[in-house]
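Take a look at the structure below.
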Amino acid sequence: MSGLLYLIPIALFLGLLGLAGFLWAMRSGQFDDLDGAGSRILFDEDSSDRKGSEKE
Amino acid sequence: MSGDAREIPLVAAPADGAAACLHCGTALPEGAGGNYCCAGCEAAARVIREAGLFDYYRRRVLDPDAPAPRSQAAPGIDLNRHVRAIGEGRHGIELVVDGLHCAACVWLIETLLRRDPRVRHARLNVSTRRLSIAWDGAPELARELVGRVTLLGYRAVPYTADNAARLEEREERALLRALAVAGFAAGNVMLLSIAVWSGHGGEMGQATRDLLHWVSALIALPALAYAGQPFFRSALQALRAGRTNMDVPVSIGVLLAAAISLSEVARSGPHAYFDSAITLVFFLLLGRYLERRARGRARSAARHLLALSGGIASRIGADGAAEPVDPAELRPGDRLMVAAGERIAADGTVLAGRSSVDASLVTGESLPQPVAPGTRTFAGMVNLSSPIELRVDAAGTGTLLAEIVRLLEAAEQGNARHVALADRVARAYAPVVHVLALLTFAGWLAAGAGPHMAVLIAATVLIITCPCALALAVPAVQVVVSGALYRRGILVKSPTALERLAEVDTVVFDKTGTLTLGRPELIASDGWSREDLELGAALAANSRHPLSRALHRAAPYVAPVTGTVEHPGEGLAWRGQAGTVRLGSRRFCGIGEPGDDEALEIWLARPDRSAPVRFTFVDPVRPDARETLAELSRRGYRIALLSGDREPVARAVASALGIAAWQAGLTPADKCRLLDDLARAGRRTLMAGDGLNDAPALAAGHASISPASAADVTQTAADAIFQGDRLRPVVAILDLAQRAQRLVWQNLALALAYNAIAIPLAVLGHVTPLLAAIAMSGSSLLVIANAMRGGRSAPS
């Protein structure tokens with residue numbers, strides 16, 4: 001049972017890490033545009049930046 | 001790729017082999033030369049070609065119902081006021097963009113702006129349709145950058161968040177944070193609890209159980225203190241006001257559960273309810289967050305519609321020069337310049353100039369009205385033919401707007417009496433639960449149990465009756481149904497709108513702009529040739545008169561001729577090779593006085609032809625109006641038409657659509673009175689209207705809906721707004737509201753059935769933490785699952 005003494009803190013720490021990650025993502029605006037995020041992944045930046053359009 | 005001419009990939013191969021516009025894919029009329037259907041498409045395509053962004057055509061998915069964006073003039077708005085400084089030499093602006101189709105539009109706008117080396121940041125939020133741009137340089141650059149977006153064919157207007165909007169956003173974020181904390185805590189406490197429950201057989205030592213309980217307390221108590229705040233605050237507010245709401249039993253239950261569990265843990269008791277308390281808070285927060293999000297999205301979309309319709313006024317300063325101002329800054333006595341095609345920003349009196357105005361939004365009148373010095377004009381009218389100067393007298397209590405606002409307030413007070421179903425249930429539920437817990441406590445005490453045990457059992461009664469499923473019953477349905485409506489272009493603004501819509505038995509329509517489209521369309525040929533049409537359209541392209549615009553819409557590919565002279569209220573003249581061509585009223589074209597049939601018509605007189613030709617127009621009823629009304633009557637709704645327009649026009653529409661009950665020539669007060677009469681007769685009315693004159697009637701109806709083209713006061717007053725040319729959304733919203741109501745009742749029944757089983761168990765002291773957790777989560781999930789059925793597409 002002594003394993004609990006360090007397993008519980010580790011589990012809690014990992015959980016808190018997830019919570020912190022979520023709060024950070026929220027603060028940095030990653031939940032602001034859920035509809036856009038899905039389509040943005042389809043833009044290939046190669047042909048949209050200046051260099052890319054020369055290549056095309 | 002160099003800048004030389006490169007073929008733009010064909011948009012869509014027209015099925016019938018006819019040529020299609022290279023930009024928007026509209027079939028080109030036969031014999032109309034060129035590759036584009038209109039100048040707007042050509043300009044937009046040129047911008048895309050010059051920027052080398054051909055990928056746009058490859059990527060986009062065109063919606064057949066909404067044509068590709070065509071180039072538009074930049075807004076005549078003073079953008080500098082909306083530019084804010086960020087850091088040294090850097091400026092930014094927030095805009096609302098209209099006309100987005102798909103991801104390709106987002107890509108096109110962002111890439112085009114980012115190509116500019118001065119632009120530091122350009123991002124378009126697809127959910128909110130807000131574009132934020134930041135650039136290095138003068139604030140004046142805003143005009144150029146925004147001009148590029150409008151040249152592509154999107155409408156862009158500055159967005160300024162008002163305080164209410166900002167507050168809502170902040171509250172939503174706070175709720176999401178609380179939800180995250182509660183979710184984290186609930187998950188972890190539940191893990192520990194499962195260990196405790198599985199150890200109840202005796203395999204777990206008491207020391208281990210106490211340890212796990214203490215860790216649970218350590219997680220749950222701070223989380224409850226943080227995430228429970230929305231409920232504690234609301235409960236306190238209600239108690240201070242001497243009322244009780246759903247949050248009072250929630251708060252008492254949660255706090256009592258935490259306190260009892262803590263004392264149990266302190267004396268090494270076997271049962272702790274931390275998991276129940278925090279899971280309860282998590283589920284309740286979930287319901288509240290979803291509810292707020294659904295409503296917030298509809299409201300912010302409604303705000304954006306208003307921002308897009310809002311204009312700017314040109315005030316004449318002391319030096320005689322016009323300066324652009326926000327209409328809200330106008331004061332009585334100001335002098336205004338209203339250019340042709342502009343919307344009049346304030347109630348006023350014409351000082352100089354003769355013109356005609358389109359008053360359809362204000363009075364419902366479909367024909368343009370002539371104005372001359374001394375004529376009263378009202379905010380919302382559109383000046384059509386030539387510039388006029390106005391004196392603002394909006395402060396007078398006799399102005400139309402003041403009158404409308406007064407009627408609106410009176411009508412809204414009547415409507416505020418409607419109490420949401422959830423609140424009504426809570427009012428009855430809360431006292432019952434409290435009395436029950438108290439009786440349990442007294443009963444166990446009388447039966448000889450110790451005070452500690454009596455309190456423990458009373459607390460489990462409070463926990464188990466905590467209206468978890470009950471609190472989710474209504475919001476879960478509202479979220480699912482208003483989300484389904486949102487996807488169909490219907491914005492539900494009021495939280496109680498769905499409930500009221502479900503009770504409707506009579507639908508009252510306004511005519512202009514609601515049953516009809518509110519814009520004239522050319523009737524197919526009666527005596528004019530295609531050549532006549534093209535010449536007429538070339539002249540008409542120079543005018544903002546609704547009939548001229550309708551004529552040009554009928555042949556949009558025709559380039560405008562230069563050098564036309566507009567005679568306000570009469571017509572256009574143009575000196576061509578063969579002599580003067582005239583386009584306008586009967587009198588203007590020399591055919592004599594207008595007849596009394598009051599048809600929407602313009603005439604074209606050509607020097608090279610003997611007789612002038614006539615173009616006739618109608619304000620067409622919405623394409624599906626007839627079937628929609630038939631559908632409504634089939635479902636047993638009564639239908640009535642209340643119009644501010646003249647009698648013959650209203651009669652024609654009523655007979656065309658088969659509406660038996662109709663009245664014409666009504667003032668806003670008349671409409672309110674008629675709706676009140678209906679209400680007194682026991683009828684629940686849905687008022688559908690778009691004009692400023694309908695706003696009070698919308699508030700007076702039991703529920704209300706208006707098209708997105710409505711006046712802004714009207715949109716504000718309406719419970720729901722529908723977008724697009726079709727009337728079908730009226731049926732959809734009534735159907736879904738009824739389905740929502742059915743689901744709400746089912747959910748309430750489920751929640752009560754759960755209580756009927758759980759309460760006796762709790763009163764008898766049989767509820768362990770394990771049982772409480774299973775029962776509560778189970779009933780909540782059941783209610784949510786039932787609510788999800790509301791989102792399925794309606795059987796049609």
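Read-outs throughout are calculated quantities, based only on the coordinates presented, and are distinct from any laboratory measurement. Remember, it's a predicted structure, so these values are computed and weren't measured experimentally. Cβ atoms come from the backbone with ideal geometry, glycine included; neighbour counts cover every protein chain shown.
Below, the figures for the structure above:
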{"item": "Region B:176-225-region B:637-697 distance, computed between alpha-carbon centres (Å)", "result": "61"}
{"item": "Extension gain, residue B:771 back to residue B:742 (0.36 nm per residue minus Cα-Cα distance, nm)", "result": "7.5 nm"}
{"item": "Whole-number D in µm² s⁻¹ for chain B, Kirkwood Cα-pair radius fed into Stokes-Einstein, 20 °C, 1.002 mPa s", "result": "70"}
{"item": "Label-point separation in nm, residue A:13 to residue B:423, each point 7 Å along Cα→Cβ", "result": "5.0"}
{"item": "Extension gain from residue B:210 to residue B:90, taking 0.36 nm per residue of separation minus the Cα-Cα distance", "result": "37.2 nm"}
{"item": "C-alpha long axis of helix B:451-465 to longest principal axis of chain B, angle in °", "result": "30"}
{"item": "Gyration tensor over alpha-carbon atoms, region B:79-164, equivalent ellipsoid semi-axes in Å", "result": "19, 16, 11"}
{"item": "The protein assembly as shown - Kirkwood radius from inverse mean 1/r over Cα pairs (Å)", "result": "31.1"}
{"item": "Per-residue Cβ neighbour rank within 10 angstrom, fewest leading, B:591, A:41, B:757", "result": "A:41, B:757, B:591"}
{"item": "Neighbouring partner chain Cβ atoms per residue of A:32-39, average, 10 Å criterion", "result": "6"}
{"item": "Charge sum, other residues only, whose C-beta stays under 11 Å from residue B:479's C-beta, Lys/Arg counted +1 and Asp/Glu -1", "result": "+4"}
{"item": "Compactness of region B:521-618 - radius of gyration and Dmax, Cα, Å", "result": "12.0, 35"}
{"item": "Cα Rg over Rh - region B:667-726, Kirkwood", "result": "0.98"}
{"item": "Rough spin-label spacing in nm, given labels placed 7 Å along Cα→Cβ, for residue B:655 and residue B:225", "result": "7.7"}
{"item": "Separation in nanometres of the label points that stand 7 Å from Cα toward Cβ, at residue B:439 and residue B:792", "result": "4.0"}
{"item": "Degrees, to the nearest 10: B:103-115 long Cα axis against longest axis of chain B", "result": "70"}
{"item": "Sparsely packed GluC sites (Glu not before Pro) within region B:466-544, loop by DSSP, other Cβ within 10 Å at most 16", "result": "B:503"}
{"item": "Sites residue A:5 and residue B:198 - FRET efficiency at Förster radius 22 Å, r taken between beta-carbons, to 0.05", "result": "0.65"}
{"item": "Using alpha-carbon coordinates, inclination of helix B:274-309 to the longest axis of chain B, degrees", "result": "10"}
{"item": "Ranked packing of A:13-23, B:701-711, B:426-436, B:476-486, most packed first, by mean Cβ within 10 Å", "result": "B:701-711, B:476-486, B:426-436, A:13-23"}
